[in-house]
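One structure is given here, and the rest of the page talks about it.
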Amino acid sequence: LIRQRIGVPIELKRVADIDIQRNRGVTLPDGVLTKDTVSLLHDPDIDIIIELIGGIEPARSFILDAIKNRKHVVTANKALLSEHGHDLFRTAVHAGVDLAFEASVCGSIPIIRAVQEGFSADRIKSFLGIFNGTANYILSRMTSEGAAFEEALRDAQKKGFAEADPTLDIEGIDTLHKLCVLLSLAFGKRVHPRHIYTEGISKITPLDIEFSRELGYKIKLLAICRKSGNQVDARVHPTLIPEQHMLSRVEGTFNAVFVETEDAGPAMFYGRGAGMMPTASAVVADVISLARNITKGISQRIPLFSSEAAILQPIRIRPFKEIISRYYMRFSAVDKPGVLSKISGVLGRNHISIHSVVQKGRQTRGGSVPIFMLTHEAREADMQKALAQLDRLSLLRQKTMVIRIEDALPDA
């Protein structure tokens with residue numbers, strides 16, 4: 001099938017790995033497996049190198065070496081691209097070779113091609129989405145079955161959806177890396193992960209899930225990116241979104257990217273964002289694309305960014321403290337008179353207006369009573385000041401839980 005679609009055969013000449021003895025589930029001809037990575041990178045008969053190591057090093061050095069030897073590269077390494085993508089892209093441009101990375105963002109969803117080609121006649125205003133299947137699976141289980149976070153995480157690990165160390169997934173870091181890659185493509189600018197606010201889902205409780213549902217919301221770990229003038233509002237955090245919105249219906253390990261452009265309007269891309277076969281599908285699609293270019297004697301037909309001159313231009317990320325949002329707040333308070341007045345007093349002094357309050361009658365662990373609030377729009381800086389003051393109140397038994405709300409989501 002691949003040969004038919006390209007018009008010429010593709011030969012898998014070498015596979016380099018540290019361990020060449022383990023069972024990979026496929027049979028390779030003798031001599032294909034090797035521990036000698038350098039021989040691949042310098043073999044004049046090899047046109048395309050596929051990097052599937054992950055992490056920063058040695059993947060970065062291997063890719064740079066391949067590019068300098070004028071080999072095209074396919075990678076799924078979003079962490080590397082988010083940290084060092086511009087150096088790699090600049091080196092590829094100067095060497096006259098291509099660097100393909102469809103599998104780095106949302107697995108088999110062709111969002112990279114959509115941004116590079118499908119929306120090339122338009123301006124992207126915003127995109128947001130569910131970029132991590134592990135986090136989405138955990139939140140889906142908590143929502144559908146009332147499971148605690150720890151229980152849902154163990155289930156995800158048992159089924160192979162989460163790593164033994166799930167930090168990158170549950171703390172939003174994997175989502176952050178993908179956001180950086182897509183942001184750079186969408187706006188043709190350079191951005192570093194350290195400039196983007198990132199928060200994970202490990203503090204979400206069944207109480208938050210339950211009350212959100214009562215209000216008509218679902219909690220999702222979102223990557224959010226909006227362009228405003230010469231700034232971009234970019235962040236990763238748990239978010240309450242209306243349950244009728246399409247993103248709320250994305251369950252399990254599926255991913256979705258919601259894009260809004262000036263002329264075409266809103267569009268949503270949905271599919272499996274992780275797993276062996278979805279990732280492999282995207283990787284091989286990149287190989288096919290590069291092979292087609294090679295047979296035509298061309299390279300760099302598509303600029304890596306929206307314009308070739310944009311490679312070295314940074315973009316200004318709007319400081320997180322300047323964002324405006326509505327907020328969901330959960331307090332764990334002692335069951336005494338005057339608690340609400342104390343809380344509302346702190347919020348009022350920090351210019352935060354309360355939209356609604358619900359105090360549940362039942363007690364939770366430690367004898368405290370849960371209180372839920374929704375606010376009107378407020379500045380993040382004011383909210384952070386209020387939280388610091390609230391968490392010093394002796395009437396509150398735990399740190400206040402805050403989740404941002406996205407109400408004004410366009411529908412596709």
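The values are calculated or read from the model by the stated rules, or taken from the named source; none is laboratory data. Here the structure is a predicted model, which is why all the values come from computation and not from measurement. Every residue, glycine as well, gets a Cβ built from its backbone with ideal geometry; the counts of neighbours run over all protein chains shown. Accessible surface areas use protein heavy atoms only, side chains included; no ligands, DNA or RNA. Shrake-Rupley method; radii C 1.70, N 1.55, O 1.52, S 1.80 Å.
Counting the residues of the stretch 269-296 that are open to solvent by less than 50 Å² (accessible area, probe 1.4 Å) and outside any helix (DSSP H, G or I) gives 4.
Counting only residues that are of a type outside the set (Lys, Arg) and in contact with a Lys or Arg (Cβ under 8 Å, 6 or more places away or on another chain), the stretch 48-81 holds 3 of them. The set of residues in the stretch 340-369 being at pLDDT 90 or above, within 16 Å of Gln398 (Cα to Cα) and under 35 Å from the mean Cα position of the chain (by Cα) consists of Ile343 alone. Residues that are within 23 Å of the chain's Cα centre (by Cα) and basic (Lys, Arg) were ranked within the stretch 67-123; the one that is surrounded by the fewest Cβ atoms within 10 Å (Cβ to Cβ) is Arg123.
Looking only at the stretch 318-339, residues that are surrounded by fewer than 16 Cβ atoms within 10 Å (Cβ to Cβ) and at pLDDT 90 or above come to 4 in all.
Confirm whether His42 is under 26 Å from Asn293 (Cα atoms) and touching a residue at least 40 places away in the same chain (Cβ under 8 Å). Taking the combined requirement at face value, the residue does not satisfy it.
The listed residues are Arg249, Arg330, and the only one of them that is free of Cβ contacts under 8 Å to residues at least 12 places away in the same chain and basic (Lys, Arg) turns out to be Arg249. Beta carbons closer than 9 Å, at least 6 apart along the sequence or on distinct chains, pair a first residue in the stretch 147-160 that is free of Cβ contacts under 8 Å to residues at least 12 places away in the same chain with a second that is open to solvent by 60 Å² or more (accessible area, probe 1.4 Å) and in a helix (DSSP H, G or I) for Glu151/Glu145.
Among the residues of the stretch 124-169, those that are part of a helix (DSSP H, G or I) and surrounded by fewer than 17 Cβ atoms within 10 Å (Cβ to Cβ) comprise Ser144, Glu145, Glu150, Glu151, Arg154, Asp155, Gln157, Lys158, Thr167. Put simply, of Arg14, Arg5 the only residue that is open to solvent by 70 Å² or more (accessible area, probe 1.4 Å), at pLDDT 95 or above and either farther than 23 Å from Ala274 by Cβ or more than 28 Å from the chain's Cα centre (by Cα) (or both) is Arg14.
All of Asp98, Asp87 fail the test of being free of Cβ contacts under 8 Å to residues at least 24 places away in the same chain and of a type outside the set (A, V, I, L, M, F, W, C), apart from Asp87.
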